[in-house]
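The values are calculated or read from the model by the stated rules, or taken from the named source; none is laboratory data. Not measured: the values here are computed from a predicted model. Here the Cβ is made from the backbone with ideal geometry for all residues, glycine too, and neighbour counts use every protein chain on show. Areas reflect the complete protein model, heavy atoms only, side chains present, ligands, DNA and RNA absent. Shrake-Rupley method; radii C 1.70, N 1.55, O 1.52, S 1.80 Å.
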Amino acid sequence: MPVEGAEKVQNEAAEYKAQSGENEMDQEANKTPKVEGCEFGDVVDCVTCKRCSLVCPTELDLERVVRIHRYIKDSYGQVKGSHRDVFRLASKLSGMADAQGWLTGIDEGDDIVFFPGCAALFDLLLQRDTNYSGNAKAAALTLNKLGYKPEIVYGCCGHDLYYSGALDEFELIKAENMEKLKGKKIVVSCAEGYHMFKNIYGLDVVGFEEFVLEHNPEFVNTDLKTTYHDPCRYGRYNEVYDAPREVLKKASDFREMENIREEAICCSVSAWMNCNKYSRDTRKKRLEEAKATGADYLVTACTKCSIHLDCIHFEKNSEDAEALEDIKILGTAQVVGYALGVYDPFKEEVDYIVPETAGKFLEPLKIQKNVDQYIDDELLDNAFLCTTCKNCTIVCPNHHDTASMMEEFRSELVKKDLGPEKHSKIAKAIMNTGNAFGEKEPMTPHPNEKAEYIYYPGCVANYRRDDVYQATKKILDLLDVDYEIPEGLVCCGSVLRRAGHEDEFQDIREKNTELLRGKKVICSCSGCYATLKKDYEGLDVYHITDIVKENIDKLPLKEVKKKVMYHDPCHLGRKFEYYDIPREIIEAVPGVELIAFEKEKENAQCCGAGGGVKSAKPDIANNLAKKKMDEAKEKGADMVVSACPFCELNLNDNCEEIPVVDILNLLMESLGEVKE
Amino acid sequence: MIGVFICFCGNNIGGYIDVQQLTDYFNEEYPADDVVAFNTTFLCSEIGQDLIKEKIEELNLDAVVIASCSPKHHGAIFQACIGEKMNQYRWEFANIREQCAWVTPNKKNATEKAKAIISGAIEKSRLLEDIGSTRVPVTKDILVIGGGITGMHAALELSAKGFHVHLVEKKETVGGNMVRFDRVFPTDDCAMCTSSPILAEVAMDPLIDIYSLSEVTEVKGRPGEYDVTVVKQPRYIDETKCTACGDCTAHCPVEVWSEWDEGMGLRAATYKPMAQAVPLKNRINMDSCIRCGTCENVCKAEAVMYNEEPKEFTMKVGAILVATGYELIDLKNTEYHQEHPNVISGLQLERLKVPSGPTAGEILRPSDGKMPKHLVFVQCAGSRDRRYNVYCSKICCMYATKNARLIKSENPDMKISICYIDMRTAGRGYEEFFDKAREMGINYIRGNVSEIVPDGEDLILKVEDTFTSEPLDLKADLVVLSSGLIPSQGTKDVASTIHLVSGADGFLAPVHVKIAPVDTATKGIFIGGTTEAPKPIQECITDAGLVASRIASFLKDDDIEIDLTTSKINPEICIKCGTCAENCVYDAIDTTGENYEVLDVSCMACGKCSVTCPTNAIDLSLYTEDQVIKQIDGILAEDPDSIIGFSCYQCGYNAADLAGTAKSFIDPKIKVVLVPCSGRVTMQHMLYPFFKGARGVFLAACLEGQCHYIDGNLQAKEKVKLAKKALDVMGVGGHKLNLFNMSSAEGPKFVAAAKRMVEICQ
Ligand SMILES: Cc1cc2nc3c(=O)[nH]c(=O)nc-3n(C[C@H](O)[C@H](O)[C@H](O)COP(=O)(O)OP(=O)(O)OC[C@H]3O[C@@H](n4cnc5c(N)ncnc54)[C@H](O)[C@@H]3O)c2cc1C
Ligand code: SF4
Ligand code: SF4
Ligand code: SF4
Ligand code: SF4
């Protein structure tokens, strides 16, 4: 279940959004279609930082899904790194050729292996005139100082290839590296290399900071004012939180930032995949945090973090660049090297030599992409766990639209016929009968061609929740809303799209669009609402609560003396930031006491049923619903109200004691039209 | 479906490439099956064009590949032809004539190379998109910078066409160099008689606003709508009150050398340069004013304002003419010893000769005011000399002859010699003019003056008479240097304020010397007269007329149409880091709004902005990042051993074409990829070919200082330097990546570059 710290992350995310007016940005993003690659959430946007794992109700292994999805999309040429993808290209090339030595002035031997990584390449290809490679140099000099003559092995650990889904290229690099590194003890001065060698290669590796601590050297220059940024490859991936801090405490004048350890804000780019304005804002926030500590140096243990955090400093004509000018970036080894008196981080010029290499001619890689090798039960399991609740997007530094990405990934799997059988059955039912339940009867029409509005009831209200269906009609009548239900409507296709049955969805969409276009469409189900509004094009869609809220004075509401809790449906709440209207309606009912769930609005926990989880993984759906209802019981609610018949269905299934009703049911009760 | 149309070009391609086999290959064997190929004898003929149009319709083609001659040749024809049936940008060319058939002697090799070239074009064409156009409004006012004969004449022509002109002149008066001469060749009419009507007309024209003592300090905006900032230096005399009576000059106690007279005469601290000055107002020059207060006391008009400040003002204009002219090379402290009082420049002689000048037209030597007995003209002083200017200043032979004739006819006893390398008197009536001079007894000595040795007040000229092979020590008592022309300081200043390209000689470069001689690489900005090159007045007038006509066509409508081949920014991902704007020398990226945006009119579609964008948010619409990559993919899929040569549209590509026209040999490994500017080539472009097995990569760019987009090749140079090092670190080998500079006319340099690459990449 969600880990410690999650709450803090969520609150903070909400606060940040409120401050930065980011809601508007979000809405903007909804309007403008993505340009590059895919129609859906862009798979390159995830930083694989695992920050969302703190809040994901299903605790799925998102990183893995992202990686494999990238692998697939790479084969369509739809994965492009930032900086025109030049860094992945450089990784591939250094794998294909024999990477050359560039460190100078190191006393080399064979006591231990030191792997300096790609820093020199970054210095060159970034065209920033910087010295990120200085960290590796400082680390090597420190090793000398500690009495070691390291064997220096040059090359690329393949981190970026691995996490960007260039898995075939990665395997080649890995094999080469293995040959050089197998059986040896390796020191690295970069969190990415550490993570890769330790977990992906399974080698005997020690992080630079830990190594220094083991030797407990005497530091002479400890005057630098520092604070520490946790790289996710150290922190959330490996729980290496203490060693760097210990070292910095000894080697410098150290202080902590506000968000640290598992809650650390990330540098917001990984594997060069996803730089955009959200990630830029996150970086800015991180630098501000660092500056607020009074430190002069933001120190980190990952070359990439250094590069990304440093980015703002290179902006031209930027107020932020100016404001954050005096919080400089250093690597941990640079601080250590300085403290030991063996390295000068303030030297102007870049401190390595570029050898002139003859360079053999490279044979183009012969790569045959084979997606199947990466698909196993575990992956499939993870892929269909997501409830598309979007909890993750809220805390994601990059606003990654994970839910959409999941949908797209599932469609890849469905193409290969690897989707859950349950989903295929539902898809067949929809295609055959027009509804998810396989009922023979078509959706009940309500002919009225002149009407301004269309009521789109959707499968649940039409076939399973007649109460909601009737209540909607009743209320529309009371409010003098003239509506029709055209003949021939079919399921909105939400479940098809969420479950990856994309071809079928397109079909359905076409059918419905034809019938719905041109009029104002009212939905009583949040799932339908979200689908018609976001996954269809060119429709004018309203949720029933929009209509009610406008005319609430027209309803002769009577007292209902009940303690009510409101459950935010994901497809209404987080998807559209639609939190207040339903609450206002509930509170308009005299006598109702509205109690809040502990996590509500953008942080609300989902009912567990979305994204096809209810059908494919009922246990998960039920557990999540139970958890939610347990809280309702604990808080002594008389009823739980929601605005989505589908959520209500699942919540009701998992609680006997408290009724879960639709907001319309509550209104009916208040109007004195209760129907048991 | 992609349609490939292959041209035999009679025997021009058919004779060197097996066109039928090529066609069959793309129809039958090419790995992608959405390709159909056709061939015909002359694709550019009506029959050929009809074939293209017919197939586009019949097969509903998505893109067209034209495999024929260089796009520089018939590109426009094909574009128009294709534009009739689909978007005019949905086609890609494969230059299999100049860059394949004509440089590859072996038919089999040529056919194979053609396959790779066409394959590159096919793969690139898959990413082509429709490119539309847009219209933007224009301001009809025009800015002319420089009020010499060129600027004045253009201003008058433009006003005659109904345009409002702002004429900005740095000096106290308009007129430029010409109004300081005595007579002008080839007719010997008086310079002032010719120019004073023009000066008067300019002064009175209601559509011409003159800003004297003014300079342009900033130009922003876009073609059709420039925001110009001008700074006017104080005159310290109120222009609205001064009647130019000259009372102040008469009473001013100061006497200093006059700039207008090139130091041949004196002036007071308050003066007007000449009686015909426009505007006709006095000026106090604060460099020499001693603030004695005399002028303030004597001025009846109360026009003196000692505390006047420089004024800054702005104007909006649609087009700009730069006519800031020339000056003479300074030869003081050289073997010409111009610092010697009796060694003067041609321009100084003009001031001596002018009847209204300091000596009232008498030729009196500066050191003692005596009439010289032997006057020697030294031709090519600082011209045609690698130590100074390699170019010929074109007009000196004529103006020296002019002045020699005039002086001789007035002073038949004076000995006049002219030392020359060869006399360049091409032009109507010029040779006759020169002939007459010899008849008049002017002593022409064919020999270059190697040194002028001061000998007291006299001078000894070391010269070899190449007719007699006799070394001479010519004794002269006045020497006139026919000093070479160089771009004026003002020209250089303007070029850096509005980013214009200058040639190796420093004069501003037109976009095409022959067919667009007054257009610059920046739309809406024109050059003319001696700003472009040394030339006589007659040619300045021709330029001025042409400029006026070009500007009138440019601004004839209320808006102008531009094709949107420009760069685009995706505001969704742009992080507003500003690097693109920094790369763009045309200020085409608007960074003031909520989102960064490319101004389509200003954008020259060079692509430099896109190469350092960290987020890939910005890209050109044509020659996109991925189109270039796909083209490389296509080429290397056919021939992985290729050497990829990114060639810029303005120079490298032309040079490659010229190598073809000259039927030079180029190794078939060399495959040219056309880019708008070498500065458009990204790091990815440089490295990617190696990943796909290419043997080498090079860039063929304009000569340094001559990039048509100002500094693209310099940006490329920096990038190549870093990429080479990166290739070394990766172990690929940086020597396999190189940059070569060449002009569009230097076919042999392209051949040499290709050869060098093949050697390196053995
Ligand atoms: C000694 C000599 C004799 C010659 N005799 C003849 C002859 O007999 N016949 C003939 O055909 N040609 C002759 N020529 C050539 C003739 O001078 C030129 O062809 C002609 O004057 C060029 O005119 P222009 O307008 O291009 O440039 P210019 O006359 O140089 O005018 C440029 C104007 O721009 C102004 N300016 C410069 N920079 C700026 C700035 N930044 N901002 C604003 N204003 C600026 C200058 O002050 C000047 O007024 C002679 C040249 C020389 C040197
Ligand atoms: S928080 Fe965002 S970037 Fe990080 S792993 Fe989750 S989706 Fe990816
Ligand atoms: S959408 Fe919800 S269930 Fe899916 S990954 Fe995100 S947090 Fe987890
Ligand atoms: S393409 Fe060239 S002119 Fe256009 S915005 Fe980019 S750098 Fe500027
Ligand atoms: S370089 Fe790219 S990210 Fe930076 S401002 Fe320009 S378009 Fe935006």
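Looking at the range A:271-295 only, could you name the residues that are within 16 Å of ligand 2 (Cβ to nearest atom) and either outside any loop (DSSP other than H, G, I, E, B) or at pLDDT 90 or above (or both)?
Selection gives A:271, A:272, A:277, A:278, A:279, A:280, A:281, A:282, A:283, A:285, A:286.
Residue by residue through the range A:149-183, note down the ones that are surrounded by fewer than 19 Cβ atoms within 10 Å (Cβ to Cβ), aliphatic (A, V, I, L, M) and in a loop (DSSP other than H, G, I, E, B).
The one that is surrounded by fewer than 19 Cβ atoms within 10 Å (Cβ to Cβ), aliphatic (A, V, I, L, M) and in a loop (DSSP other than H, G, I, E, B): A:153.
For residue A:363, work out the one condition from (1) touching an Asp or Glu at 6+ places or on another chain (Cβ under 9 Å); (2) surrounded by fewer than 17 Cβ atoms within 10 Å (Cβ to Cβ) it doesn't fulfil.
Unmet for residue A:363, out of (1) touching an Asp or Glu at 6+ places or on another chain (Cβ under 9 Å); (2) surrounded by fewer than 17 Cβ atoms within 10 Å (Cβ to Cβ): (1).
Check whether at least one residue in the range B:574-582 is open to solvent by 20 Å² or more (accessible area, probe 1.4 Å) and within 16 Å of ligand 2 (Cβ to nearest atom), and report yes or no.
no
Filter the range A:473-496 down to the residues that are part of a helix (DSSP H, G or I) and open to solvent by 10 Å² or more (accessible area, probe 1.4 Å), then identify the one that is nearest to residue A:572 (Cα to Cα).
A:494
Identify all residues within the range A:544-568 that are touching a strand residue (DSSP E or B) at 6+ places or on another chain (Cβ under 6 Å) and open to solvent by less than 10 Å² (accessible area, probe 1.4 Å); write none if there are none.
A:544, A:564, A:565, A:566, A:567
Tell me yes or no: at least one residue of the range B:709-723 is more than 8 Å from every other protein chain (Cβ to nearest Cβ), outside any helix (DSSP H, G or I) and either without any contact (Cβ under 8 Å) to a residue 60 or more places away in the chain or touching a Pro at 6+ places or on another chain (Cβ under 9 Å) (or both). Explain how you work it out, then say what you get.
Within the range B:709-723, the subset more than 8 Å from every other protein chain (Cβ to nearest Cβ) is B:709-717, B:720-721.
Cutting the leftovers down to outside any helix (DSSP H, G or I) gives us B:709-711.
Restricting the remaining residues to those that are either without any contact (Cβ under 8 Å) to a residue 60 or more places away in the chain or touching a Pro at 6+ places or on another chain (Cβ under 9 Å) (or both) gives B:709.
Yes; the residues of the range B:709-723 include at least one that is more than 8 Å from every other protein chain (Cβ to nearest Cβ), outside any helix (DSSP H, G or I) and either without any contact (Cβ under 8 Å) to a residue 60 or more places away in the chain or touching a Pro at 6+ places or on another chain (Cβ under 9 Å) (or both).
Of everything in the range B:109-146, what is farther than 26 Å from residue B:64 by Cβ and of a type in the set (S, T, N, Q)? Give them in sequence order. Quick ask: steps written out before the conclusion?
Step one: list which residues in the range B:109-146 are farther than 26 Å from residue B:64 by Cβ, which gives B:109, B:135-146.
B:109, B:139, listed by residue number.
Could you tell me which of the residues B:304, B:254, B:317, B:298 is under 35 Å from the mean Cα position of the chain (by Cα), in contact (Cβ under 8 Å) with a residue 12 or more places away in the chain and more than 16 Å from ligand 2 (Cβ to nearest atom)?
Every option except B:317 fails the conditions.
Have a look at A:263, A:289 and point out the one that is open to solvent by 10 Å² or more (accessible area, probe 1.4 Å), more than 14 Å from every other protein chain (Cβ to nearest Cβ), in contact with a helix residue (DSSP H, G or I) (Cβ under 8 Å, 6 or more places away or on another chain) and charged (D, E, K, R). Reasoning before the result, please.
Values: A:289 fails: in contact with a helix residue (DSSP H, G or I) (Cβ under 8 Å, 6 or more places away or on another chain).
Selected residue: A:263, the only one of A:263, A:289 that is open to solvent by 10 Å² or more (accessible area, probe 1.4 Å), more than 14 Å from every other protein chain (Cβ to nearest Cβ), in contact with a helix residue (DSSP H, G or I) (Cβ under 8 Å, 6 or more places away or on another chain) and charged (D, E, K, R).
Considering B:687, B:699, which residue is open to solvent by less than 10 Å² (accessible area, probe 1.4 Å) and away from chain A (no Cβ under 14 Å)? Break it down stepwise before answering.
On the way: B:687 fails: away from chain A (no Cβ under 14 Å).
Being open to solvent by less than 10 Å² (accessible area, probe 1.4 Å) and away from chain A (no Cβ under 14 Å) holds for just one of B:687, B:699, which is B:699.
Tell me, please, whether a residue that is over 27 Å from residue B:28 (Cα atoms), touching a residue at least 12 places away in the same chain (Cβ under 8 Å) and not in a helix (DSSP H, G or I) can be found in the range B:110-130. Lay out the reasoning, then the answer.
First, pick out the residues of the range B:110-130 that are over 27 Å from residue B:28 (Cα atoms): B:130.
Cutting the leftovers down to touching a residue at least 12 places away in the same chain (Cβ under 8 Å) gives us B:130.
Right, trim to not in a helix (DSSP H, G or I) and you get B:130.
Within the range B:110-130, one or more residues are over 27 Å from residue B:28 (Cα atoms), touching a residue at least 12 places away in the same chain (Cβ under 8 Å) and not in a helix (DSSP H, G or I).
Specify the residue that is nearest to the other protein chains (Cβ to nearest Cβ); the eligible residues are those in the range B:588-607 that are over 15 Å from residue B:525 (Cβ atoms) and within 20 Å of the chain's Cα centre (by Cα).
The selected residue is B:606.
What residue, of A:588, A:621, A:609, A:596, is of a type in the set (Gly, Ala, Ser), closer than 30 Å to residue A:481 by Cα and out of contact with any Asp or Glu (no Cβ under 8 Å at 6 or more places or on another chain)?
Details: A:621 fails: closer than 30 Å to residue A:481 by Cα; A:609 fails: closer than 30 Å to residue A:481 by Cα; A:596 fails: closer than 30 Å to residue A:481 by Cα.
None of the other options fit; the residue is A:588.
Filter the range B:324-357 for residues that are assigned to a helix (DSSP H, G or I) and farther than 18 Å from residue B:389 by Cα; which is nearest to ligand 3 (Cβ to nearest atom)?
Going residue by residue through the range B:324-357, those that are assigned to a helix (DSSP H, G or I) are B:346-353.
Adding the requirement that they be farther than 18 Å from residue B:389 by Cα leaves B:347-353.
Details: B:347: 80, B:348: 84, B:349: 87, B:350: 84, B:351: 85, B:352: 90, B:353: 90 Å.
Filtering first and then ranking leaves B:347.
Tell me, which residue of the range B:534-573 that is open to solvent by 20 Å² or more (accessible area, probe 1.4 Å) and within 10 Å of ligand 4 (Cβ to nearest atom) is farthest from the other protein chains (Cβ to nearest Cβ)?
If we take residues in the range B:534-573 being open to solvent by 20 Å² or more (accessible area, probe 1.4 Å) and within 10 Å of ligand 4 (Cβ to nearest atom), then B:565 is farthest from the other protein chains (Cβ to nearest Cβ).
Can you pull out every residue in the range A:312-327 that is within 12 Å of chain B (Cβ to nearest Cβ) and surrounded by 14 or more Cβ atoms within 10 Å (Cβ to Cβ)?
Hits for the range A:312-327 are A:312, A:313, A:314, A:315, A:316, A:318, A:320, A:321.
Show the residue pairs that are 6+ apart or on different chains and have beta-carbon atoms under 6 Å apart, the first residue being within the range A:357-375 and closer than 22 Å to residue B:693 by Cβ and more than 7 Å from every other protein chain (Cβ to nearest Cβ), the second being modelled with pLDDT of 80 or more and surrounded by 10 or more Cβ atoms within 10 Å (Cβ to Cβ).
A:367/A:168; A:369/A:75
Return the residue satisfying two criteria in turn: it lies in the range B:501-529 and is at pLDDT 85 or above and within 18 Å of residue B:327 (Cβ to Cβ), and of such residues it is most open to solvent (accessible area, probe 1.4 Å).
B:505
Looking only at residues in the range B:608-625 that are more than 8 Å from chain A (Cβ to nearest Cβ) and of a type outside the set (A, V, I, L, M, F, W, C), which one is surrounded by the fewest Cβ atoms within 10 Å (Cβ to Cβ)?
Going through the qualifying residues, I end up with B:624.
Can you tell me which residue is farthest from ligand 2 (Cβ to nearest atom) among those in the range A:409-428 that are open to solvent by 20 Å² or more (accessible area, probe 1.4 Å) and in a helix (DSSP H, G or I)?
A:428
Among residues belonging to the range B:740-759 that are open to solvent by 40 Å² or more (accessible area, probe 1.4 Å) and among the aliphatic types (A, V, I, L, M), point out the one that is farthest from the other protein chains (Cβ to nearest Cβ).
Among those residues, the one meeting the criterion is B:745.
Just wondering, is there one or more residues in the range B:723-730 that are surrounded by 24 or more Cβ atoms within 10 Å (Cβ to Cβ) and within 28 Å of the chain's Cα centre (by Cα)?
no
Only one residue in B:312, B:296, B:255, B:259 is farther than 23 Å from residue B:404 by Cα and in contact with a Leu (Cβ under 6 Å, 6 or more places away or on another chain), so which one is that?
Working: B:312 fails: in contact with a Leu (Cβ under 6 Å, 6 or more places away or on another chain); B:296 fails: in contact with a Leu (Cβ under 6 Å, 6 or more places away or on another chain); B:259 fails: in contact with a Leu (Cβ under 6 Å, 6 or more places away or on another chain).
Unique residue meeting the criteria: B:255.
Any residue that is open to solvent by 40 Å² or more (accessible area, probe 1.4 Å) and more than 13 Å from every other protein chain (Cβ to nearest Cβ) - is there at least one of those in the range A:272-284?
No; the residues of the range A:272-284 include none that is open to solvent by 40 Å² or more (accessible area, probe 1.4 Å) and more than 13 Å from every other protein chain (Cβ to nearest Cβ).
Looking at B:241, B:316 in this structure, which one is assigned by TED's automatic domain parsing to the domain that holds residue B:198 and open to solvent by 50 Å² or more (accessible area, probe 1.4 Å)? If you could, list the steps in order and put the result at the bottom.
Details: B:241 fails: assigned by TED's automatic domain parsing to the domain that holds residue B:198.
Of the residues listed, the single one that is assigned by TED's automatic domain parsing to the domain that holds residue B:198 and open to solvent by 50 Å² or more (accessible area, probe 1.4 Å) is B:316.
For the range B:601-624, indicate whether the set of residues that are in contact with a Gly (Cβ under 9 Å, 6 or more places away or on another chain), among the small types (Gly, Ala, Ser) and at negative phi is non-empty.
yes
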